[in-house]
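Enquirer: Have a look at the structure that comes next, please.
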Amino acid sequence: MEPLERYRSIIDDFDAFLAACKRPLASAVRVNTIKSSVERTLAALEREGVGYEQANWNPRVLRLETDSPGSTWTSFHGFTHGQEEVSAVPPVVLDPEPGERVWDCCAAPGGKATQLAARMDDRGTVVANDDNLGRLSALRFNAERLGATSLAVTNEDARTYSLERFGFDAFDRTLVDAPCSCEGTIRKNPDALDNWSEGHISSVAGIQKGILRRAIQATRKGGAVVYSTCTFAPEENEAVVQHALETESCRLVDFELGLEHSTGLTAWQGDDFDDGLERAARIYPHQNDTGGFFVAKLEVTAE
Ligand SMILES: C[S@@+](CC[C@H](N)C(=O)[O-])C[C@H]1O[C@@H](n2cnc3c(N)ncnc32)[C@H](O)[C@@H]1O
């Protein structure tokens, strides 16, 4: 927990935050509406004797009273997908429409890519890319089990991604669920901070800036880009978005979030950020009894 002390000055009720980080996380699943409705899934869980609680911000997200949500009948049949509750937030903020072209540039193992496909009624195209071939096997397996047929899978470094192969020059919307230092996953993975260092944060921030840059370039004017991480480090969150605001054609936009959250920071350790970063959301573990997440939404603008 020692590395998290650096956030004492920016987190309200820091002691409650630390206490929440030490508690294990409830099992959560997302209802896969490609294969089942919420009502049918709840009825199946009741028949199976698995207790559940619907998230108040999203009825498709369920907390289950079982330690093995992947072993239920509903999971086996692809009615549900094990997914941490806050991990379901970025696709909701991206809010794609059926028929659109969406790029999930860091997609494996596919929790959010299959959620995007479900939100689009599995119509249109979700290009699910990841630079890690092994993790893409898990994505393919998940897409098959969940019946998501609108996914196209690619294996490239998102920083240098080429669009020519698709016969179009821009996506309508792009999700950058970036690789990060994963501080916010401490409740799920107690070893998450074992290899923590400021050097690692700085090196992953460089990768994040490259990925977000390409995501904005690959999205049409007026289209949306959501940037998310499961970490608290401002160097990987506000500073990455700030860099995009300074170097690419984009602006921060508001979004609705039914979850309690804090706003993005406008300053950190001597660096000032754009005031628009208050439109971003920082979700801390003690606010909704979840993991931690950062989410910002950008609109691509004309140069
Ligand atoms: C936070 S995880 C994505 C989780 C995924 N969105 C989901 O919901 O299941 C970040 C992913 O980024 C991938 N990644 C790291 N560097 C990358 C790069 N330069 N280009 C594309 N993917 C990259 C990692 O392999 C990892 O799978």
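The values are calculated or read from the model by the stated rules, or taken from the named source; none is laboratory data. The shown structure was predicted, so the numbers you read here are calculated from the model rather than taken from an experiment. Positions of Cβ are generated from backbone atoms using ideal geometry, with glycine treated the same way; all protein chains shown enter the neighbour counts. We work out accessible area using only protein heavy atoms, side chains counted, and drop any ligands, DNA or RNA first. Shrake-Rupley method; radii C 1.70, N 1.55, O 1.52, S 1.80 Å.
Enquirer: Is it the case that D169 is open to solvent by 50 Å² or more (accessible area, probe 1.4 Å) and either more than 9 Å from the ligand (Cβ to nearest atom) or touching a helix residue (DSSP H, G or I) at 6+ places or on another chain (Cβ under 8 Å) (or both)?
Expert: On the way: open to solvent by 50 Å² or more (accessible area, probe 1.4 Å): yes; either more than 9 Å from the ligand (Cβ to nearest atom) or touching a helix residue (DSSP H, G or I) at 6+ places or on another chain (Cβ under 8 Å) (or both): yes.
When the stated conditions are applied, D169 passes them.
Enquirer: From the list V225, V240, V253, V295, exactly one residue is among the aliphatic types (A, V, I, L, M) and touching a Pro at 6+ places or on another chain (Cβ under 6 Å). Which is it?
Expert: Unique residue meeting the criteria: V295.
Enquirer: From the list I216, I201, which residue is in contact (Cβ under 8 Å) with a residue 40 or more places away in the chain, within 16 Å of the ligand (Cβ to nearest atom) and in contact with a helix residue (DSSP H, G or I) (Cβ under 7 Å, 6 or more places away or on another chain)? Don't jump to the end; show me each part of the working.
Expert: Numbers: I201 fails: in contact (Cβ under 8 Å) with a residue 40 or more places away in the chain.
Sole residue among the options that is in contact (Cβ under 8 Å) with a residue 40 or more places away in the chain, within 16 Å of the ligand (Cβ to nearest atom) and in contact with a helix residue (DSSP H, G or I) (Cβ under 7 Å, 6 or more places away or on another chain): I216.
Enquirer: Still on this model: Would you call T66 open to solvent by 20 Å² or more (accessible area, probe 1.4 Å), in contact with a strand residue (DSSP E or B) (Cβ under 9 Å, 6 or more places away or on another chain), free of Cβ contacts under 8 Å to residues at least 60 places away in the same chain and not assigned by TED's automatic domain parsing to the domain that holds V295?
Expert: On the way: open to solvent by 20 Å² or more (accessible area, probe 1.4 Å): yes; in contact with a strand residue (DSSP E or B) (Cβ under 9 Å, 6 or more places away or on another chain): yes; free of Cβ contacts under 8 Å to residues at least 60 places away in the same chain: yes; not assigned by TED's automatic domain parsing to the domain that holds V295: yes.
Spelling it out, T66 is indeed open to solvent by 20 Å² or more (accessible area, probe 1.4 Å), in contact with a strand residue (DSSP E or B) (Cβ under 9 Å, 6 or more places away or on another chain), free of Cβ contacts under 8 Å to residues at least 60 places away in the same chain and not assigned by TED's automatic domain parsing to the domain that holds V295.
Enquirer: Among R251, R213, which is more than 26 Å from L18 (Cβ to Cβ) and part of a helix (DSSP H, G or I)?
Expert: Details: R251 fails: part of a helix (DSSP H, G or I).
Residue meeting the stated conditions: R213.
Enquirer: Under the condition of being among the polar types (S, T, N, Q) and within 24 Å of F168 (Cα to Cα), which residue from segment 119-133 is farthest from the ligand (Cβ to nearest atom)? Show your work before the answer.
Expert: Of all residues in segment 119-133, those among the polar types (S, T, N, Q) come to 125, 129, 132.
Then keep just the ones that are within 24 Å of F168 (Cα to Cα); that gives 125, 129.
Numbers: T125: 17, N129: 6 Å.
Selected residue: T125.
Enquirer: Still on this model: Mind telling me which of the residues V93, V102 ends up being within 17 Å of Y227 (Cβ to Cβ), within 14 Å of the ligand (Cβ to nearest atom) and surrounded by fewer than 21 Cβ atoms within 10 Å (Cβ to Cβ)?
Expert: Exactly one residue qualifies, and that residue is V93.
Enquirer: Name every residue in segment 216-229 that is open to solvent by 10 Å² or more (accessible area, probe 1.4 Å) and part of a helix (DSSP H, G or I), in order of residue number.
Expert: Listed by number, the list holds a single entry, Q217.
Enquirer: Still on this model: Based on this model, can you work out whether A107 counts as within 16 Å of the ligand (Cβ to nearest atom) and not hydroxyl-bearing (S, T, Y)?
Expert: Values: within 16 Å of the ligand (Cβ to nearest atom): yes; not hydroxyl-bearing (S, T, Y): yes.
Against the criterion (within 16 Å of the ligand (Cβ to nearest atom) and not hydroxyl-bearing (S, T, Y)), A107 qualifies.
Enquirer: Among the listed residues L151, L116, L136, L146, which satisfies the condition of being among the aliphatic types (A, V, I, L, M), under 28 Å from A44 (Cα atoms), in contact (Cβ under 8 Å) with a residue 12 or more places away in the chain and within 11 Å of the ligand (Cβ to nearest atom)? Give the steps one after another, and end with the answer.
Expert: Values: L151 fails: within 11 Å of the ligand (Cβ to nearest atom); L136 fails: under 28 Å from A44 (Cα atoms); L146 fails: within 11 Å of the ligand (Cβ to nearest atom).
Matching residue, one of L151, L116, L136, L146: L116.
Enquirer: Next question. Output the number of residues of segment 182-195 satisfying the condition of being open to solvent by less than 60 Å² (accessible area, probe 1.4 Å) and away from the ligand (no atom under 11 Å from the Cβ). If you could, list the steps in order and put the result at the bottom.
Expert: Our first condition is that a residue be open to solvent by less than 60 Å² (accessible area, probe 1.4 Å); within segment 182-195, this holds for 182-187, 192-193.
Cutting the leftovers down to away from the ligand (no atom under 11 Å from the Cβ) gives us 183, 186-187, 192-193.
Within segment 182-195, residues that are open to solvent by less than 60 Å² (accessible area, probe 1.4 Å) and away from the ligand (no atom under 11 Å from the Cβ) number 5.
Enquirer: Moving on. Please work out if R6 is free of Cβ contacts under 8 Å to residues at least 12 places away in the same chain and in the same structural domain as D157 (by TED's automatic domain parsing). Lay out the reasoning, then the answer.
Expert: Working: free of Cβ contacts under 8 Å to residues at least 12 places away in the same chain: yes; in the same structural domain as D157 (by TED's automatic domain parsing): yes.
Criteria met by R6.
Enquirer: Pairs, please: C-beta under 7 Å, at least 6 apart or cross-chain, first residue crowded, with 21+ Cβ neighbours inside 10 Å and in segment 22-48, second small (G, A, S) and in a strand (DSSP E or B)?
Expert: Between residues of segment 22-48 that are crowded, with 21+ Cβ neighbours inside 10 Å and residues that are small (G, A, S) and in a strand (DSSP E or B), the close pairs are V29/G82.
Yes or no, residue by residue, for (1) touching a helix residue (DSSP H, G or I) at 6+ places or on another chain (Cβ under 9 Å); (2) closer than 30 Å to S197 by Cα:
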| position | (1), (2) |
| --- | --- |
| L45 | yes, no |
| E53 | no, no |
| T66 | no, no |
| W73 | yes, no |
| Q83 | yes, yes |
| E100 | no, no |
| W103 | yes, no |
